[in-house]
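Trainee: Provided herewith is a single structure, encoded as structure tokens, for subsequent inquiry.
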Amino acid sequence: MSVIDSALVQIRQLHPYSPGKPIEELERELGISNAIKLASNENPLGCSPLAREVLQQASEHIELYPDANAYYLKQRLGEKLRVEVNQITIGNGSNDVLDLVARSFLDASAEAVFSQYAFMVYGMVTQACGATSKIATARDRNSESPYGHDLEAMADLISDKTRVIFIANPNNPTGTWLGSDALLAFAERVPAHIAIVVDEAYFEYVDLEQYPDSLQWLDRFPNLIVTRTFSKIYGLAGLRVGYAVSSPELCDLFNRVRQPFNGNSLGLAAARAALDDDAFVDKSRHSNARGLQSMQHWFDAQGISYIRSAGNFLTVRFGDSSQRIYQDLLQRGIIVRPVANYDMPDFLRISVGTEDQLQQLYQVLGEIL
Ligand SMILES: Cc1ncc(COP(=O)(O)O)c(C=O)c1O
């Protein structure tokens, strides 16, 4: 018996998260310097100039541990979101916060409910805790939200063992979203002892009338946990800052399992500054809306279908040719994201790029197709 056999069985059986191909790696392989990455739903406009500005100053004292309580960031977030500081848990990315929730609630006797095609990390953190994933079949292809979460099916999976329900709104990789009435009705059906996580990583991008700001329901549902991130519209994916907003009691739990100093000093400072840059956020939202519309028009014109998206990416059905198209794009210096690991081998997920990047994508895709 080796030491590996002594590791927890659920860890040995875990499939590691497979990130998109790094741009540097592709450039090295192809010997080029102008590859474009439309694979990880990052902000193609970069980050807020205000965030970049404070990084210089914040880097002067990286020999010191960061502020373990993330005081300034939480204070500013509290003002902006109109919640108390003791309701905010900072994570090393919102993935870290999802992990804190899992570790606070899940063990071998517990179940977590989420949707087919839901963000991969829900299954990973559940399995890492030895708990069981109960996966609700997604809405069918002919429904009004193809591939989206089916809240009825999710409610049907709730059992005595359910401790956590993960909902992505909008979801990655489908881009599907849930409206206010549906989500509220669902939350009302969930027993009060079950944690409901509403993952709003793409919240700031969504500009749809029925799309809810779940924070408004925190007073009503003490079991609600809303997670958000600085990795997407704020353009700080490389600095790893995300957060949860919940009741102070839940926040207190998460702070017990949280690693001390899980928010790094550069990330905390940049996130704090980015929050004040409404102009950058607005510009990013508008640029994304234009880009998404342009992509939809282009694929419509080609007769290629896609899943309607509320995020900063479009998941496009290329059918049997998906893998070939992915490889052909790579050879031409464009990285997109296969989603076969989501059991969607017919699709590629393409992040919304700048206008120039999208023109390059259309040209190359036009040639390949
Ligand atoms: C739905 C969803 N939730 C959470 C995350 C985690 O992002 P981060 O850990 O960078 O905050 C992502 C990242 O792609 C996502 O798509």
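The values are calculated or read from the model by the stated rules, or taken from the named source; none is laboratory data. Bear in mind the structure is a predicted one, so any value in this text is a computation, not a measurement. Positions of Cβ are backbone-derived with ideal geometry, glycine not excepted, and every protein chain shown enters the neighbour counts. Quick note on the areas: whole protein, heavy atoms, side chains included, nothing else; ligands and nucleic acids left out. Shrake-Rupley method; radii C 1.70, N 1.55, O 1.52, S 1.80 Å.
Trainee: Would you work out the charge dipole size for segment 124-165 about its Cα centre, treating the Cβ of every Lys and Arg as +1 and the Cβ of every Asp and Glu as -1, and quote it to the nearest 20 debye?
Mentor: I would put it at about 220 debye.
Trainee: How large is ³J(HN,Hα) for each residue in segment 118-131, as worked out from phi by the Karplus curve 6.51 cos²θ - 1.76 cosθ + 1.60 (θ = phi - 60°), to whole Hz, x for Gly and Pro?
Mentor: Result, rounded to whole Hz: 6, 3, 4, 5, 4, x, 5, 5, 5, 5, 4, 8, x, 8.
Trainee: Give me the accessible area per residue for the chain, probe 1.4 Å, as a whole number in Å².
Mentor: Dividing the accessible area of the chain by its residue count gives 46 Å².
Trainee: Quick check for me: using +1 on Lys/Arg Cβ and -1 on Asp/Glu Cβ, what's the dipole size of the chain about its Cα centre, in debye to the nearest 20?
Mentor: 340
Trainee: Taking amide H positions as placed 1.01 Å from N in the peptide plane, with prolines and chain starts having none, which residues 5 or more places from residue 138, or on another chain, fall under 5 Å of its amide H?
Mentor: Sorted by chain and number, the residues that satisfy this are 116.
Trainee: Further question on the same structure: Once you've got the Cα coordinates, tell me which of 21/283; 80/283; 37/283; 21/161 are over 29 Å apart.
Mentor: Over 29 Å Cα-Cα: 21/161.
Trainee: Would you kindly state the longest site-free stretch of the chain, with sites defined as chymotrypsin sites (Phe, Trp or Tyr not before Pro) in a DSSP loop (not H, G, I, E, B) surrounded by at most 15 other Cβ atoms within 10 Å?
Mentor: So the longest stretch without any such site is 18-260.
Trainee: Here is a follow-up. Using only Cα atoms, what is the ratio of the radius of gyration of segment 89-137 to 2.2 N^0.38 Å?
Mentor: Computed over Cα atoms of segment 89-137, the ratio equals 1.09.
Trainee: Something else: Using Cα-only point scatterers and the Debye equation, what is log10 of I(q)/I(0) for the chain at each q in 0.08, 0.09, 0.11, 0.14 Å⁻¹, rounded to two decimals?
Mentor: Normalising to I(0) and taking log10 leaves -0.40, -0.52, -0.79, -1.28.
Trainee: Additional query: What FRET efficiency would be calculated for the residue pair residue 249, residue 296, taking the C-beta separation as r and a Förster radius of 56 Å, to the nearest 0.05?
Mentor: 0.80
Trainee: Dipole size in debye (nearest 20) for segment 278-369 around its Cα centre, Lys and Arg Cβ +1, Asp and Glu Cβ -1?
Mentor: It works out to roughly 120 debye.
Trainee: Let me ask something else about it. Estimate the FRET efficiency between residue 210 and residue 324 by the formula 1/(1 + (r/R0)^6), using the beta-carbon distance for r and 30 Å for R0, to the nearest 0.05.
Mentor: 0.20
Trainee: Just need the Rg to Rh number for segment 69-228, please, alpha carbons only, Kirkwood Rh.
Mentor: Rounded to two decimals, Rg/Rh equals 0.95.
Trainee: Oh, and also: Subtract the Cα-Cα distance of residue 194 and residue 278 from 0.36 nm times their separation in residues, and report this length gain in nm to one decimal.
Mentor: Fully extending the segment from residue 194 to residue 278 adds 26.7 nm.
Trainee: Between residue 34 and residue 305, take the C-beta separation as r, use R0 = 22 Å, and let me know the FRET efficiency to the nearest 0.05.
Mentor: The calculated FRET efficiency here is 0.15.
Trainee: Hey, what did the chain get for relative contact order, percent, Cα under 8 Å, at least 6 apart?
Mentor: 23
Trainee: With no solvent and one equal point scatterer per Cα, compute the Debye intensity ratio I(q)/I(0) for segment 192-325 at 0.11 Å⁻¹ and report its log10, rounded to two decimals.
Mentor: -0.56
Trainee: Between residue 91 and residues 5 or more places away or on another chain, which pairs have amide H atoms under 5 Å apart, with H built 1.01 Å from N, and which residues are they?
Mentor: The list, which skips near neighbours in sequence, is 242, 243, 244.
Trainee: Hey, what did segment 142-237 get for relative contact order, percent, Cα under 8 Å, at least 6 apart?
Mentor: 27
Trainee: Mind jotting down the distance between the C-alpha centroids of segment 1-60 and segment 63-90, whole Å?
Mentor: Here the two parts' Cα centres lie 25 Å apart.
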